[in-house]
Amino acid sequence: MKEKTGKAQRVENPRQAKDENAKEKALEASYRRWDTEAFSALVKKAYVRYENCRLCPRNCGVNRCKGEKGFCRTKDQAIVSSSGPHFGEEDPLVGKRGSGTVFFANCQLRCVFCQNYTIAHEGQGRLVEDETLARMMLSLQREGCHNINLVTPTHVVPNILSAVEKARVKGLTVPICYNTSSYEEAETLQMLSGVVDLYLADMKWMDEEQAAVYAEKEPSDYPEKAKQAITEMYQQVGPLVTDDEGIAQRGLMLRHLVMPNKVAGTKSFVQWVANNLSPDVYVNIMGQYRPAHKATDYEAIARKITHQEFEEAVQMAREAGLVNLDERSISQFQAFHRRLFR
Ligand code: SF4
């Protein structure tokens, strides 16, 4: 059948249309699939956790609903430092229109070399109601962002769930990305199962002693907690899945910041990923360490990494068999050093 213009009319192939619907459905943000009552029950259950807060491994046991504060210095309302499209994240998150980032103030890990210490340590930001957080998410989506990227979210998980509950009934459809230091309780992450589709997770140190030195109040359980947390994330969302344009829809993305003098334990990290998750997990080996905040007080980390240290880290990852490294990040570091030493 022809259209009057003489142009061939697109005839739907029913099987192809069915396939496309199935694909679209498979890529739909998971939180869209909940029924209203079940989601509401999830939010209530999460808020109860504020009454005796053990959301993270700091295990404070304070009642945040009564205004008590634990290590994260946050009551039962989120503090947001800023929100907007962000183009500095990994390519599958940024795409053409940016990752819709919400930076939460305060952090329950607090590294001595933190590059955002005014936000993460000093809590710069403004208190927001869950309703406002929901509006921020919708506004980021309207601006065209490919996802909602929640940075340092651990201590405000109940607020996040409540905001997603409100935003989804008003038309939020883009995936939620949980961007974390990985100092997490697996039990808290379980509340995010079927809500968060993308995990962007750091692995900072593989050694307990290093973790105890380089974050406040000696969190020597960091490596163990982070490994448990990352395993939970991988069980929930699996490997990275992108759409036809390479935009992340679902899956685990790992980050590992190479530190001077092997402080981060890169070799042990890449081997752990290959042996315990899968060699094709997306891993970004990052070379942008610089001694910020109090890092210059610590001799081993008081400088940037060398070109050789970075090359060795990448080599370790390849030797461990990892096949889904962020190649752009690697080539950017190499190009920068070539320019520097030309
Ligand atoms: S989220 Fe905050 S109050 Fe709760 S356990 Fe962690 S640091 Fe303590």
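The values are calculated or read from the model by the stated rules, or taken from the named source; none is laboratory data. This is a predicted model, so every value here is computed, not measured. Please note: Cβ atoms are built from the backbone with ideal geometry, for glycine as well, and neighbour counts cover all protein chains shown.
Does region 238-257 hold any residues that are farther than 20 Å from Ala274 by Cα and not in a strand (DSSP E or B), and which are they?
Listed by number, the residues that qualify are Asp243, Asp244, Glu245, Gly246, Ile247.
So is Glu51 within 10 Å of the ligand (Cβ to nearest atom) and surrounded by fewer than 23 Cβ atoms within 10 Å (Cβ to Cβ) or not? It would help to see each step written out before you state the result.
Numbers: within 10 Å of the ligand (Cβ to nearest atom): no; surrounded by fewer than 23 Cβ atoms within 10 Å (Cβ to Cβ): yes.
Criteria not met by Glu51.
Quick check on this structure: which one of Lys217, Lys170, Lys227 is within 16 Å of the ligand (Cβ to nearest atom) and touching a residue at least 12 places away in the same chain (Cβ under 8 Å)?
Being within 16 Å of the ligand (Cβ to nearest atom) and touching a residue at least 12 places away in the same chain (Cβ under 8 Å) holds for just one of Lys217, Lys170, Lys227, which is Lys217.
Conditions: (1) under 23 Å from Ala38 (Cβ atoms); (2) at pLDDT below 95. Val169 meets all but one. Number of the miss?
Here Val169 meets the rest and fails (2).
When the residues of region 277-299 are narrowed to those that are out of contact with any Phe, Trp or Tyr (no Cβ under 8 Å at 6 or more places or on another chain) and part of a helix (DSSP H, G or I), which ends up farthest from Met316 (Cα to Cα)?
Asp297
State whether one or more residues within region 58-75 are at pLDDT 60 or above, part of a helix (DSSP H, G or I) and in contact with a helix residue (DSSP H, G or I) (Cβ under 6 Å, 6 or more places away or on another chain). Before the answer, list the steps.
Just the residues of region 58-75 that are at pLDDT 60 or above, to begin with: 58-75.
From what is left, the residues that are part of a helix (DSSP H, G or I) are 64-66.
From what is left, the residues that are in contact with a helix residue (DSSP H, G or I) (Cβ under 6 Å, 6 or more places away or on another chain) are 64-65.
Within region 58-75, one or more residues are at pLDDT 60 or above, part of a helix (DSSP H, G or I) and in contact with a helix residue (DSSP H, G or I) (Cβ under 6 Å, 6 or more places away or on another chain).
What are the pairs with Cβ atoms under 7 angstrom where one residue, in region 54-74, is more than 19 Å from Glu122 (Cα to Cα) and touching a residue at least 12 places away in the same chain (Cβ under 8 Å) and the other, located anywhere, is of a type in the set (Gly, Ala, Ser) and more than 7 Å from the ligand (Cβ to nearest atom)? Sequence gap at least six, or different chains.
Close Cβ pairs (under 7 Å, with a partner that is of a type in the set (Gly, Ala, Ser) and more than 7 Å from the ligand (Cβ to nearest atom)) amount to Arg54/Gly61.
Considering only region 101-207, give the helices (runs of 4 or more DSSP H) lying wholly within it that have at least 1 residues that are closer than 27 Å to Val270 by Cβ and in contact with a helix residue (DSSP H, G or I) (Cβ under 9 Å, 6 or more places away or on another chain).
Filter on region 101-207 gives 186-190.
Given the residues Ala226, Ala274, Ala212, which is the only one that is more than 24 Å from Ile330 (Cβ to Cβ), assigned to a helix (DSSP H, G or I) and modelled with pLDDT of 95 or more?
From the options Ala226, Ala274, Ala212, the qualifying one is Ala212.
I need every pair where a residue in region 294-318 that is modelled with pLDDT of 95 or more has its Cβ under 6 Å from the Cβ of a residue that is exposed (fewer than 14 other Cβ atoms within 10 Å of the Cβ) and of a type in the set (D, E, K, R), sequence separation at least 6 or different chains.
Lys304/Arg290
Which residues, taken from region 27-39, are more than 24 Å from the chain's Cα centre (by Cα) and touching a residue at least 12 places away in the same chain (Cβ under 8 Å)?
The answer is Thr36, and nothing else.
Take the conditions in contact (Cβ under 8 Å) with a residue 12 or more places away in the chain, within 16 Å of the ligand (Cβ to nearest atom) and either under 24 Å from Ser182 (Cβ atoms) or β-branched (Val, Ile, Thr) (or both) and apply them to Phe113. Does it pass?
Values: in contact (Cβ under 8 Å) with a residue 12 or more places away in the chain: yes; within 16 Å of the ligand (Cβ to nearest atom): no; either under 24 Å from Ser182 (Cβ atoms) or β-branched (Val, Ile, Thr) (or both): yes.
So Phe113 fails the test.
Does region 258-267 contain at least one residue that is closer than 25 Å to Val151 by Cα, in contact with a Gly (Cβ under 8 Å, 6 or more places away or on another chain) and not in a helix (DSSP H, G or I)?
Yes, there is a match, as at least one residue in region 258-267 is closer than 25 Å to Val151 by Cα, in contact with a Gly (Cβ under 8 Å, 6 or more places away or on another chain) and not in a helix (DSSP H, G or I).
Among the numbered criteria (1) assigned to a strand (DSSP E or B); (2) surrounded by fewer than 23 Cβ atoms within 10 Å (Cβ to Cβ); (3) away from the ligand (no atom under 16 Å from the Cβ), which one does Arg97 miss?
Of (1) assigned to a strand (DSSP E or B); (2) surrounded by fewer than 23 Cβ atoms within 10 Å (Cβ to Cβ); (3) away from the ligand (no atom under 16 Å from the Cβ), only one is false for Arg97: (1).
Which residue, of Gln124, Gln108, is within 13 Å of the ligand (Cβ to nearest atom) and either among the polar types (S, T, N, Q) or without any contact (Cβ under 8 Å) to a residue 40 or more places away in the chain (or both)?
Gln108
Scan region 145-166 residue by residue and report those that are within 14 Å of Tyr31 (Cβ to Cβ), among the polar types (S, T, N, Q) and surrounded by fewer than 24 Cβ atoms within 10 Å (Cβ to Cβ).
none
For region 57-92, how many residues are near the ligand (Cβ under 9 Å from one of its atoms), basic (Lys, Arg) and in contact with an Asp or Glu (Cβ under 9 Å, 6 or more places away or on another chain)? First the steps, then the outcome.
Going residue by residue through region 57-92, those that are near the ligand (Cβ under 9 Å from one of its atoms) are 57-62, 64, 68-74.
Keeping just the survivors that are basic (Lys, Arg) gives 58, 64, 69, 73.
Checking which are in contact with an Asp or Glu (Cβ under 9 Å, 6 or more places away or on another chain) leaves us with 64.
Number satisfying all stated conditions: 1.
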